[in-house]
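Down below is the structure, laid out as structure tokens.
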Amino acid sequence: MNNRRSRIISHSFRKFFTLFFVSACFFLFSCTSTKIDFSEWKPASNLSDVYGTWFSSKGEYCYPFVVDGKKYMRYASAKSDDTELWNNFALSKNMDLADLWQKRFVYAPYIYSKAQTLERIPDSDENDIQSGRKFFISDEKIYSRVELLIPERLVAINLNFFVLRKDGKALKEQDVFHLASNKFPDIKSDDILYFKIGENIAREKAKD
């Protein structure tokens, strides 16, 4: 009787372990797989596919963004609350925060320096890629966001980086956006959805 009971318990345990193992494998595969289901999504094939402004929790893309008659794609990171960073810098220099804010364009490269390397604001490279950092105050806090202007010709040769949902209202990234820059790193894809806003709003934002 005890032997029979032991065999039943052993058999039940093996079934549970097998089911658990298969489920775990399926879960891990679904979490680590970065492949895109192209039955619902398709890579951008022309510049009109990426027209407009695309928002996400990570930041936004906007195309076209026109500067001095040249067309760019603008990438803007999500805003960062830098209030503590500015307060600490003001204290280290025995400055009033309001005075520091008035002189923000002078001190910003020092405030955002890393490993004693000054952040160049603004900056550009040989391919006419331009970067900058915008500062603003909201609800008595200081925020900033990094912006990158990518020339239209580079967007055109990296269209496969953008994958669009069939309805054209959502976008995500795949692989790498190659900037071919000696100053700015390539843009690596992230598993984040970007949602398109109205075209009229996109046009107005492109003028800002």
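The values are calculated or read from the model by the stated rules, or taken from the named source; none is laboratory data. All figures in this text were calculated on a predicted structure; none of them were measured in a lab. Here Cβ is always computed from backbone atoms with ideal geometry, including for glycine, and neighbour counts include all displayed protein chains. Keep in mind that these areas ignore ligands, DNA and RNA; they rest on the heavy atoms of the full protein, side chains included. Shrake-Rupley method; radii C 1.70, N 1.55, O 1.52, S 1.80 Å.
Of note:
- In this structure, TYR112 qualifies as closer than 28 Å to ASP191 by Cα and modelled with pLDDT under 95.
- Qualifying residues in segment 114-126 (those that are more than 14 Å from SER144 (Cα to Cα) and not hydrophobic (A, V, I, L, M, F, W, C)) - the one farthest from the chain's Cα centre (by Cα): GLN116
- Only one entry of LYS58, LYS93, LYS79 meets the criterion of being more than 20 Å from VAL146 (Cβ to Cβ), touching a Phe, Trp or Tyr at 6+ places or on another chain (Cβ under 9 Å) and open to solvent by 30 Å² or more (accessible area, probe 1.4 Å), and that entry is LYS93.
- Qualifying strands (runs of 3 or more DSSP E) (wholly inside segment 129-201; at least 1 residues being touching an Asp or Glu at 6+ places or on another chain (Cβ under 7 Å), open to solvent by 50 Å² or more (accessible area, probe 1.4 Å) and under 19 Å from LYS79 (Cβ atoms)): 130-138, 141-151
- Residue check for GLU119: surrounded by 13 or more Cβ atoms within 10 Å (Cβ to Cβ) and at pLDDT below 95: yes
- Matching strands (runs of 3 or more DSSP E) fully within segment 36-83 where at least 1 residues are closer than 20 Å to SER138 by Cβ: 52-55, 59-67, 70-77
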